[in-house]
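Undergrad: The structure under discussion is supplied below as structure tokens; questions concerning it will follow.
The values are calculated or read from the model by the stated rules, or taken from the named source; none is laboratory data. Note that this is a predicted model, so its numbers are computed, not measured. Backbone-built Cβ (ideal geometry, glycine too); neighbour counts: all protein chains shown. With ligands, DNA and RNA removed, areas are computed over all heavy atoms of the protein, side chains included. Shrake-Rupley method; radii C 1.70, N 1.55, O 1.52, S 1.80 Å.
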Amino acid sequence: MSTRRQAISPAVKARVTESYGTGCWLRFPGCTGRADTLDHLLPYSKGGTDSVRNLRPACRHCNSLRADRLIQGRGVEVHVLMSSPRIGMTWGKGAPAMVLDFERMLGVVSERHGLDDDAWSVAEAMWKGAAARALRIRQAMPLVLCPPATIAAGQWREWLRLGYDIEVTDARSTRDMRCDRELKALVAWMRSGVSMRGVERAVRARDDDWRRMGLVF
Ligand SMILES: [Zn+2]
């Protein structure tokens, strides 16, 4: 018995192109723009079908980078709180949520031996692993990501295109650096130029794209 899924029919492909054009709907960093694949809004692995309603044009790069992560409002609710490494943001809202807080992980890891580069690396790896898994499961409750600045700087554009709700603190801190890794994180954060205004601009562009793609929440 073959476990391979059936190919999407040419008629469905033609109707997706007719409805949504030939541009990639995901537009992650590195997007080639040319939609040579079809992306499932609700991933196939999570019960999504090959219907025109569930398919959008996407380039191969973005489609494979997205994998089976869910889109905000379609099975997940993700909040991302980002700041320079020396500020740290906390989830102040009362609603129950699964919170992945890098600073807290760093606190636990460095409790006995102090905060150094090794503690930072371990906490960063822990955060990355936990987030990768959490983002691939269907959440019963909101997921709150408080990422390390290095990961936030590199991934916020991708998260934004998945519809996650992103909040940035632009405040500056005068607190001393705790280790070299933190200094590197600060440099990555500054170089990325991420700001609340930048995020708001990108959200407007994304929402325009989503309207064209028939996705208005
Ligand atoms: Zn793309």
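Undergrad: Taking every DSSP beta bridge that has both residues in the chain, what percent is antiparallel when rounded to the nearest 5?
TA: 30 percent
Undergrad: Taking springs between alpha-carbon atoms closer than 10 angstrom, which of Thr17, Thr174, Thr90 fluctuates most in the Gaussian network model of the chain?
TA: Thr174
Undergrad: Identify, among Val99, Gly163, Met141, the residue whose Cα sits farthest towards the positive end of the charge dipole of the chain, taking +1 on the Cβ of Lys and Arg and -1 on the Cβ of Asp and Glu, with the dipole about the Cα centre.
TA: Gly163
Undergrad: Could you tell me the accessible area of Leu115 in Å² (1.4 Å probe, neighbours in place), rounded to the nearest ten?
TA: Probe radius 1.4 Å; accessible area of Leu115 about 50 Å².
Undergrad: To the nearest 0.05, how large is the calculated FRET efficiency for Ala11 and Ala67 if R₀ is 30 Å and r is the Cβ-Cβ distance?
TA: Once the sixth-power term is evaluated, E becomes 0.65.
Undergrad: Among all the lysines, which ones have a C-alpha under 23 Å from Lys46's C-alpha, if same-chain residues fewer than 8 places away are not counted?
TA: Lys13, Lys128
Undergrad: Distance between the C-alpha centers of segment 169-217 and segment 62-76? Whole Å please.
TA: Between the Cα centre of segment 169-217 and that of segment 62-76, the gap is 20 Å.
Undergrad: To the nearest 10 square angstrom, what accessible area does Thr32 show with a 1.4 Å probe?
TA: 90 Å²
Undergrad: Could you tally the net charge around Cys146, taking each other residue with its Cβ under 9 Å from the Cβ of Cys146, Lys/Arg +1 and Asp/Glu -1?
TA: Net charge around Cys146: -1.
Undergrad: Using Cα pairs closer than 8 Å and at least 6 residues apart in sequence, work out the relative contact order for the chain, in percent.
TA: 23 percent
Undergrad: Then there's this: Are there cysteines in the chain with no second cysteine's Cβ under 4.7 Å away, and if so, which?
TA: Unpaired cysteines in the chain: Cys31, Cys62, Cys146, Cys179.
Undergrad: FRET efficiency for Arg112 and Val187, Cβ-Cβ distance as r, R0 = 22 Å, nearest 0.05? Mind dumping the intermediate values first?
TA: Values: r = 28 Å, r/R0 = 1.28.
Approximately 0.20, to the nearest 0.05.
Undergrad: Rounded, prolate or oblate, given the Cα gyration tensor of segment 10-68, with a/c below 1.5 counting as rounded?
TA: oblate
Undergrad: Still on this model: If you average the sequence gap of Cα pairs under 8 Å that are 6 or more apart and divide by the length of segment 78-205, what percent do you get for the contact order?
TA: Computed value for segment 78-205: 40 percent relative contact order.
Undergrad: Work out from phi, with θ = phi - 60° and the Karplus expression 6.51 cos²θ - 1.76 cosθ + 1.60, the ³J(HN,Hα) of each residue of segment 76-86, listed in order in whole Hz, and give x for Gly and Pro.
TA: Going residue by residue, I get 9, 9, 10, 10, 10, 10, 10, 7, 4, x, 8 Hz, with x marking Gly and Pro.
Undergrad: Can I ask one more? Please go through segment 82-176 and write out the trypsin sites (Lys or Arg not before Pro) that DSSP classes as loop and that have at most 14 other C-beta atoms within 10 Å.
TA: Lys93, Arg112, Arg138, Arg172, Arg175
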